[in-house]
1. Just a yes or no: is a residue in the stretch 179-198 in the same structural domain as Arg242 (by TED's automatic domain parsing), aromatic (Phe, Trp, Tyr), touching a Pro at 6+ places or on another chain (Cβ under 7 Å) and surrounded by 19 or more Cβ atoms within 10 Å (Cβ to Cβ)?
2. Glu8: in a helix (DSSP H, G or I), closer than 27 Å to Gly171 by Cα and of a type in the set (Asp, Glu), yes or no?
3. Looking at the stretch 119-140, is at least one residue of a type in the set (A, V, I, L, M) and farther than 30 Å from Glu204 by Cβ?
4. Being of a type in the set (A, V, I, L, M), touching a residue at least 12 places away in the same chain (Cβ under 8 Å) and surrounded by fewer than 17 Cβ atoms within 10 Å (Cβ to Cβ) is the requirement here; does Ile62 meet it?
5. From the residues in the stretch 1-25 that are in contact with an Asp or Glu (Cβ under 7 Å, 6 or more places away or on another chain) and under 15 Å from Leu64 (Cβ atoms), which one is surrounded by the fewest Cβ atoms within 10 Å (Cβ to Cβ)?
6. Of everything in the stretch 102-115, what is buried (at least 19 other Cβ atoms within 10 Å of the Cβ) and either in a loop (DSSP other than H, G, I, E, B) or touching a helix residue (DSSP H, G or I) at 6+ places or on another chain (Cβ under 8 Å) (or both)? Give them in sequence order.
7. Restricting to the stretch 165-183, what's the tally of residues that are of a type in the set (A, V, I, L, M, F, W, C) and in contact with a strand residue (DSSP E or B) (Cβ under 9 Å, 6 or more places away or on another chain)?
8. Determine if the stretch 32-54 includes at least one residue that is surrounded by 18 or more Cβ atoms within 10 Å (Cβ to Cβ) and either of a type in the set (Phe, Trp, Tyr) or on the phi > 0 side of the Ramachandran plot (or both).
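The values are calculated or read from the model by the stated rules, or taken from the named source; none is laboratory data. Everything numeric here is computed off the predicted structure, so don't read it as measured data. With ideal geometry, Cβ positions are generated from the backbone for all residues, glycine too; neighbour counts draw on all protein chains shown.
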Amino acid sequence: MPELPEVETVKRGIAPHLIGRVFSDVIIRDHRLRWPVDLELANHLCGQEVLSVERRAKYLLIRLPTGYLVIHLGMSGRLYFVDANTPVAKHDHLDWRLDDGKILRYTDPRRFGAVVWVEGENVASHKLLAKLGPEPLSDNFNPAYLFKRSRKRIVPIKSFLMDAHVVVGVGNIYANEALYMAGISPTREAGSISLARYTRLVDEIKSVLDKAITQGGTTLKDFVGGDGKPGYFKQELQVYGRGGQPCWGCMKELSEIRIAQRTTVFCRRCQK
């Protein structure tokens, strides 16, 4: 599924084409997403100018004068621009028509995504966002914070990092990568890791996410950026998807296990 770098890539791809434009129509072909799409969405949006396009965790926030259009891409959702005469495909569930004639189209074969209208300015207090942890690239996500949150936690560090109440957007791929770069075993209990080691881990999380965003996100079978271009971070992956292959550091075979039902790849020699 799209992770934080992929969602950030979509945001950066669609923002220049949305900001300053006015919604002129909304077409809902199938409202059955993760939660039913409000059938009155056109009444909320039409005639309103897009003021900004933001991201919180894996949610896209399109800010309008009276509220926010909140979009989550789920497992297989895509947003991209099409011309008015572009044929509609099977899984094209929503179109947002703009005043310049362009259409922002939402496609989602698995329909695990979400499109939610939030009235008013205080979108951060909405139930989808209110309990989320800090953004991993913000100053609020730092070694002292992570060390304090981890005390007495016996869950594996990988599961701890993927808890959105602790920090948002460190999904499976990037948790694997950051732990490898920090030399920390994904099976280690979160509460057993020292402040010094968390300092390196925070640096690696920020580094791997920043690099992934710069390269446009990771190319997975269901993801294409908002500009229609795939991400290229997959070329840089050190461990994810490489179970059984040699570690780049010691050449020992990488182990592949399951933690919380998610594929986890690591080096038993280099990660302790």
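1. Yes, that holds for at least one residue.
2. yes
3. The answer is yes; a qualifying residue exists.
4. no
5. Within the stretch 1-25, the match that is surrounded by the fewest Cβ atoms within 10 Å (Cβ to Cβ) is Gly20.
6. Leu104, Asp108, Gly113, Val115
7. Total meeting the criteria: 3.
8. There is no residue in the stretch 32-54 that is surrounded by 18 or more Cβ atoms within 10 Å (Cβ to Cβ) and either of a type in the set (Phe, Trp, Tyr) or on the phi > 0 side of the Ramachandran plot (or both).
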